[in-house]
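Undergrad: Take a look at this one; I'll ask things after.
Values quoted throughout were computed directly from the atomic coordinates according to the rules given, and no laboratory measurement underlies them. What you see is a predicted model, and the numbers here were worked out from it, not measured in a lab. Every residue, glycine as well, gets a Cβ built from its backbone with ideal geometry; the counts of neighbours run over all protein chains shown.
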């Protein structure tokens, strides 16, 4: 099971409602997977977990290696083996990439399981974002991003997309569909991906059939109303 497990910290719905306190550390997260994404305590930038290293994209899209003791309120990670690999060429936007990924996993795996993907390649454009930290709770992620988010565009750049796929029935636990973060080949630029166009790349996909969710232990977590329908709000920020 451990080699075929999505390890998730908290839920996306809790993060969307403003729960951004640390649940575990980066050091502990790296024991559970080598590939994935998330954020840091107080929504302090975007997390890119790749090849067993944890990177932070700050509000300007600049990348740093994250200290092991850094707190993590939300993440989804797994171990990547590149179970299925296929080329991607001339993909003009995020929608075309999602369509191609869905076709491939439906053909080879099925769409009712979780998946992780890493796409190495040359990108014509990456439209991305990150954010500065916001030290308050019960302030929704949408409100935080409206104040602290910065958007940026990287053009004609080599790098990697790291992403996770969750099926529709897991809405609230995570976002249904594909969620991608970007890291440049020289490890200097990155962020959460809004849109992206690929000149050419290689996708490596793994099917995940188990999930472990590490929920927050402190009493504050139980003050959030997690039965709310936040699908539209989550889609608007993700």
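Undergrad: So, by mean Cβ neighbours within 10 angstrom, what's the order for 9-19, 50-60, 113-123 with the highest one leading? Mind dumping the intermediate values first?
TA: Working: 9-19: 22.6, 50-60: 18.1, 113-123: 21.0.
My ranking of the peptides, most packed first, is 9-19, 113-123, 50-60.
Undergrad: Using only the alpha-carbon atoms, how far is helix 94-108 inclined from the longest principal axis of the chain? Give it as 0 to 90 degrees, nearest 10.
TA: Once rounded, the angle reads 80 degrees.
Undergrad: If one computes P(r) from the Cα atoms of the range 107-163, what percent of pairs lie at distances over 15 Å?
TA: On the way: 1059 of 1596 pairs.
Value for the range 107-163: 66 percent of Cα pairs lie more than 15 Å apart.
Undergrad: Between residue 99 and residue 138, what is the label-point separation in nm under the 7 Å Cα-to-beta-carbon projection?
TA: Result for the modelled spin labels: 4.5 nm.
Undergrad: Report, in deg cm²/dmol and to the nearest 500, the calculated mean residue ellipticity at 222 nm for the chain, where each DSSP H run with n ≥ 4 adds -39500 (n - 2.57) and the sum is divided by the residue count. Let's see the in-between values first.
TA: Details: 5 runs with 39 residues, N = 238.
Calculated from helices alone, the mean residue ellipticity at 222 nm is -4500 deg cm²/dmol.
Undergrad: Find the centroid of the Cα atoms in the range 1-58 and in the range 125-139, then give the distance between the two in whole Å.
TA: Centre-to-centre distance over Cα atoms comes out at 15 Å.
Undergrad: Going by average Cβ neighbours within 10 Å, how do the peptides 136-144, 31-39, 219-227 rank, with the highest at the top?
TA: On the way: 136-144: 15.9, 31-39: 22.0, 219-227: 11.3.
Ranking the peptides 136-144, 31-39, 219-227 by packing returns 31-39, 136-144, 219-227.
Undergrad: Does the range 143-226 come out rounded, prolate or oblate, given a ≥ b ≥ c as the square roots of the eigenvalues of its C-alpha gyration tensor, rounded meaning a/c under 1.5 and, failing that, prolate meaning a/b above b/c? It would help to have the intermediate numbers written out before the result.
TA: Working: a/c = 2.42, a/b = 1.47, b/c = 1.65.
Verdict is oblate for the range 143-226.
Undergrad: Based on the Cα coordinates of the chain, what is the per residue volume of their convex hull in Å³? Don't skip to the end; give the middle numbers.
TA: Details: hull volume 25.4 nm³, N = 238.
Hull volume over Cα atoms, normalised by residue count, gives 107 Å³.
Undergrad: Looking at the chain, send over the antiparallel percent of its DSSP beta bridges, to the nearest 5.
TA: 90 percent
Undergrad: Among 146, 130, 197, which one shows the biggest mean-square fluctuation in a GNM of the chain, springs joining Cα atoms closer than 10 Å?
TA: Taking springs between Cα atoms under 10 Å, the residue moving most is 146.
Undergrad: Once you place label points 7 Å from the Cα toward the Cβ at residue 27 and residue 53, how far apart are they in nm?
TA: It works out to 2.0 nm between the two label points.
Undergrad: Which residue, 124, 107, 155, has the most motion in a Gaussian network model of the chain that connects Cα atoms within less than 10 Å?
TA: Of 124, 107, 155, the Gaussian network model singles out 107 as fluctuating most.
Undergrad: Students often get this wrong: which residues of the range 1-39 have the backbone nitrogen under 14 Å from the point 7 angstrom along Cα-to-C-beta of residue 211?
TA: The answer is 5-15, whose backbone nitrogens lie closer than 14 Å to the label point.
Undergrad: Hey, another quick one. Relative contact order for the chain: what percent, with Cα pairs under 8 Å and sequence separation of 6 or more? List each step's numbers first, then the result.
TA: Numbers: 608 pairs, mean separation 71.7, N = 238.
Over the chain, the number comes to 30 percent.
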